[in-house]
Amino acid sequence: MELSQVSRILGGQKVLGTRLQSRMDLVELANQGLTKVAVSNLARHLSLSLKDMAALLPITERSLQRYTARHHLNPTVSEQVLQIAGVLARGTEVFGGKDRFLAWANQPSTALSNKRPLELLGSRFGTDLVLDELGRMEHGIFS
């Protein structure tokens with residue numbers, strides 16, 4: 001996963017408050033908590049409403065809506081946001097563009113039990129399945 005791409009998706013150093021240089025930075029960032037602005041940026045990149053974004057996260061839509069832009073989310077929510085941003089970055093790389101990745105992510109995949117890859121991003125196991133499928137696709141192995 002390209003850390004600079006994850007950073008760009010979430011709003012860059014200005015939003016994150018730090019420059020992502022290693023995967024350890026992701027751990028520290030999750031522990032300190034991402035802001036609602038970072039979640040909003042991810043939702044925009046995925047072409048999702050805040051309601052649809054909340055459905056992928058361990059947080060209610062109502063809670064997410066009432067937070068201020070600079071409110072720091074808890075580490076569990078922040079970690080899931082970072083994982084989803086990582087999948088988006090990886091998918092964009094594999095497909096050669098965000099729009100092509102999103103077109104694939106919004107279609108049922110036989111390799112993923114006819115689930116849309118996007119709907120699997122709500123859990124760690126689902127993100128792992130999507131990343132595995134992206135890896136197979138990158139190497140020309142289609143299920």
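Near Leu3: Cβ cut-off under 13 Å, other residues only, Lys/Arg at +1 and Asp/Glu at -1. The net charge is 0. Taking the charge dipole of the range 15-122 about its Cα centre, with +1 at Lys and Arg Cβ atoms and -1 at Asp and Glu Cβ atoms, the residue from Gln21, Ala43, Asn31 reaching farthest to the positive side is Ala43. Once you have a ≥ b ≥ c as the square roots of the Cα gyration tensor eigenvalues for the range 95-143, tell me rounded if a/c is under 1.5, and otherwise prolate or oblate according to whether a/b is larger than b/c. Taking the square roots of the gyration eigenvalues as a ≥ b ≥ c, the range 95-143 is rounded. Normalised by residue number, the volume inside the convex hull of the Cα atoms of the range 1-42 is 58 Å³ per residue. What the range 18-99 shows is 50 Å² of accessible area per residue, with the surface traced by a 1.4 Å probe over protein heavy atoms. The trypsin sites (Lys or Arg not before Pro) of the range 64-143 that DSSP puts in a loop, and whose beta carbon has at most 13 other beta carbons within 10 Å, are Arg70. Between Gln107 and Glu61, the C-beta separation translates, for a Förster distance of 30 Å, into a calculated FRET efficiency of about 0.75. Only helical runs count toward this figure. For the chain, summing -39,500 (n - 2.57) over DSSP H runs of n ≥ 4 and dividing by all residues gives -18000 deg cm²/dmol at 222 nm. For a straight C-alpha distance cut-off of 26 angstrom, the lysines reachable from Lys115 (same-chain residues fewer than eight places away being disregarded) are Lys51, Lys98.
Computed over every Cα-Cα pair of the chain and binned at 10 Å starting from 0, the pair-distance distribution P(r) comes out as 12, 45, 33, 9, 0 percent.
Taking a straight Cα-Cα cut-off under 15 Å and skipping sequence neighbours fewer than 8 places away in the same chain, the aspartates and glutamates within cross-link reach of Lys36 are Asp52, Glu61, Glu79.
For His72, the accessible area of its heavy atoms, probed at 1.4 Å with every protein chain present, is near 100 square angstrom. Evaluated over the Cα positions of the range 9-82, the convex hull gives a direction-averaged projected area, one quarter of its surface, of 4.3 nm². When the residues Ile59, Ile141, Ile84 are ordered by accessible surface, computed with a 1.4 Å probe over the protein chains alone, the sequence from largest down reads Ile141, Ile59, Ile84. A crude spin-label estimate for the pair Glu2 and Thr18, with each label 7 Å from Cα along the Cβ direction, gives 2.2 nm. Computed on protein heavy atoms with a 1.4 Å probe, the accessible areas place Met24, Met137, Met53 in the order Met24, Met137, Met53, largest first.
The values are calculated or read from the model by the stated rules, or taken from the named source; none is laboratory data. Small disclaimer: the values here were computed from a predicted structure and weren't measured. So basically every Cβ, Gly included, is an ideal-geometry build from the backbone, and we count neighbours across all protein chains shown. Only protein heavy atoms, including side chains, enter the accessible area calculation; ligands, DNA and RNA are left aside. Shrake-Rupley method; radii C 1.70, N 1.55, O 1.52, S 1.80 Å.
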